[in-house]
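**Q** Sharing a structure here in structure tokens format.
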């Protein structure tokens, strides 16, 4: 036998003798095999411990895990080995780890790596100064800071746990996630390098390249698909649009946002607030649908308008009335008047100056007109107007003009149970400083008017019919009635009539339906 063959024989003889070239009896995966080494030495320590010292292109194997290093020391008594220089672990091709040094407990399959540690699962790469790696479960843990790079996404944190089998990483403390499209700041994030889904379990702030800011404490964000679902109270500020809700789901591709649970949508550019338990908003079309006790607030400094209904819907006017002519102009995206909203069922409107109810409502920001349909009622101070259809014109969000068509009827309460009344085919009312100033009724106009003396005592009742009747008010109280053309009527002394029985046909005093305060609309 020549010297070369004898050296190889002696190397494998020593390996077998110290138990590293074969499995421990009854356990075929806990032993470590020496596959290669240029040099091998055996040393006996005073305490009886025997060490194997390997150097030069060292390769070891345990089960399906391969270890490569410049040199290592194996301790059979403690069932450990320490590796130094260019340490590399190939864990069944599931995970690969590099470091400067390694201490490995092969009975536990647990590794302690130090110096320029790098771990990859084929999707993302972790770098850290030190890492504990559970080879059996393929879990890596760092506590002295680390960085993970996954395609265009980079995440840094003070602590982290890397689950190589399922490609999950749990980041903790001072977590910063960056991508060309966004930056995420949090205390805890669970991130999957394969699906690129980030899950949030602590206070989190997300800022994207468009300037949008999201603040949440629970939920997930699919970075690849651009979809998110936040399941705790969350706030999203996107330029002039702010949404808040107990749960918010969003899709960047479609632009659709779904808000549930005490939802709030604030459009500062258009001066609108929406409150509802369920809101659907489309960023691309600027449309929204609100259900489950929705409330809209049209903001203004002194007299904001509150609108409640079973359903509220709003969108761009240019999408409702499409101009298909060749001379059609593209709508100006900055035009705040290019908008309308609709309200359906149990509509209630409140402002300090005017209140109303109806079954449905249409409002255009272009002409500032409230169109009330099906049993509409409008109140101003002590006056009530009804009709088949009512149009309420506003200017600078204050009432300017009201029209009632078909079966128009106006009632003004003089005192409890006593009412001045006027009815006709059409009624036009004019406001001054938000208060009803005058009303004209046309078409088979009828009236019941109580005449009072200087002391406000009733003297008589005037019942008339004419082509037109004009009413004039002072600070909301009826002051004068003027009959015009084809006048026919009677004046009855107050002692000969019962004021509470002087009623025109179809008289209905609907004060019980009137919203008394804005807070009623929040209920």
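Taken together, the values in this text are just the output of simple stated rules run on the coordinates, not laboratory data. As the structure is a prediction and not an experimental result, all values here were calculated from the model. Neighbour counts run over all protein chains shown; Cβ positions are idealised from the backbone, glycine included.
**Q** Kirkwood Rh and Cα-based Rg: tell me the resulting Rg over Rh for segment 202-266, rounded to two decimals. Spell out each step's value before the answer.
**A** On the way: Rg = 10.6 Å, Rh = 11.6 Å.
Computed over Cα atoms, the ratio is 0.92.
**Q** To the nearest Å, what is the center-to-center distance of segment 227-259 and segment 467-523, using C-alpha atoms only?
**A** First find each Cα centre; the distance between them is then 49 Å.
**Q** Could you work out the relative contact order of segment 372-523, using alpha carbon pairs under 8 angstrom and six or more residues apart, expressed as a whole percent?
**A** Working: 344 pairs, mean separation 24.1, N = 152.
Computed over segment 372-523, the figure is 16 percent.
**Q** Turning to a different aspect of this structure: What fraction, in whole percent, of alpha-carbon pairs in segment 357-513 exceed 26 Å separation? Walk me through the numbers before you get to the answer.
**A** Working: 2909 of 12246 pairs.
So the portion of pairs separated by more than 26 Å is 24 percent.
**Q** Where the centroid of each part is defined by its Cα atoms, how far is segment 337-368 from segment 371-422 in Å?
**A** 14
**Q** At q = 0.11, 0.12, 0.13 Å⁻¹, what base-10 log of I(q)/I(0) does the Debye formula yield for the chain when every alpha carbon is treated as an equal point scatterer in vacuo?
**A** -0.96, -1.05, -1.14
**Q** Can you tell me the FRET efficiency between residue 496 and residue 284 if r is taken as the Cβ-Cβ distance and R0 is 60 Å, rounded to the nearest 0.05?
**A** It comes out at approximately 0.30.
**Q** For residue 452 and residue 125 in the same chain, what is the full-extension length gain: residue separation times 0.36 nm, less their Cα-Cα distance, in nm?
**A** 108.6 nm
**Q** Quick one: helix 3-17 against the long Cα principal axis of the chain, what's the angle to the nearest 10°, folded into 0 to 90?
**A** Here the helix axis deviates by roughly 60 degrees.
**Q** In nanometres, what is the gap between the two model label sites at residue 514 and residue 158, each 7 Å from Cα along Cα-to-Cβ?
**A** Taking the two extended label points, one gets 6.2 nm.
**Q** So, one more: Per-residue counts of other Cβ atoms within 10 Å, averaged by peptide: what ranking do you get for 350-363, 170-183, 409-422, 452-465, highest first? Don't jump to the answer; show the numbers that get you there.
**A** Details: 350-363: 20.9, 170-183: 16.9, 409-422: 19.1, 452-465: 13.1.
Put in order of decreasing packing, that is 350-363, 409-422, 170-183, 452-465.
**Q** Starting from 0.36 nm per residue, how many nanometres of slack lie between residue 49 and residue 293 once their C-alpha separation is accounted for? Walk me through the numbers before you get to the answer.
**A** Numbers: separation 244, 0.36 × 244 = 87.84 nm, distance 7.77 nm.
Gain in length upon complete extension: 80.1 nm.
**Q** Sorted by packing (mean other beta-carbon atoms within 10 Å per residue), highest first, where do 163-169, 208-214 land? Provide the component values of the computation, followed by the final result.
**A** Details: 163-169: 19.4, 208-214: 14.3.
For the peptides 163-169, 208-214, the packing ranking is 163-169, 208-214.
**Q** Summarise the long-distance tail of P(r) for segment 127-167 by giving the % of C-alpha pairs beyond 14 Å.
**A** Here the long-distance tail beyond 14 Å is 46 percent of all Cα pairs in segment 127-167.
**Q** Mind running the shape call on segment 161-309? Use the C-alpha gyration tensor, a ≥ b ≥ c as the square roots of the eigenvalues: rounded below 1.5 for a/c, prolate if a/b tops b/c, oblate otherwise.
**A** Prolate shape, in that a/c is at least 1.5 and a/b is the bigger ratio.
**Q** Another question, then. Mind checking the full-extension length gain between residue 332 and residue 303? Use 0.36 nm per residue of separation minus the Cα-Cα distance, one decimal, nm.
**A** 7.6 nm
**Q** As an exercise, use a Förster radius of 60 Å and the Cβ-Cβ distance of residue 467 and residue 213 to find the FRET efficiency, rounded to the nearest 0.05.
**A** Approximately 0.45, to the nearest 0.05.
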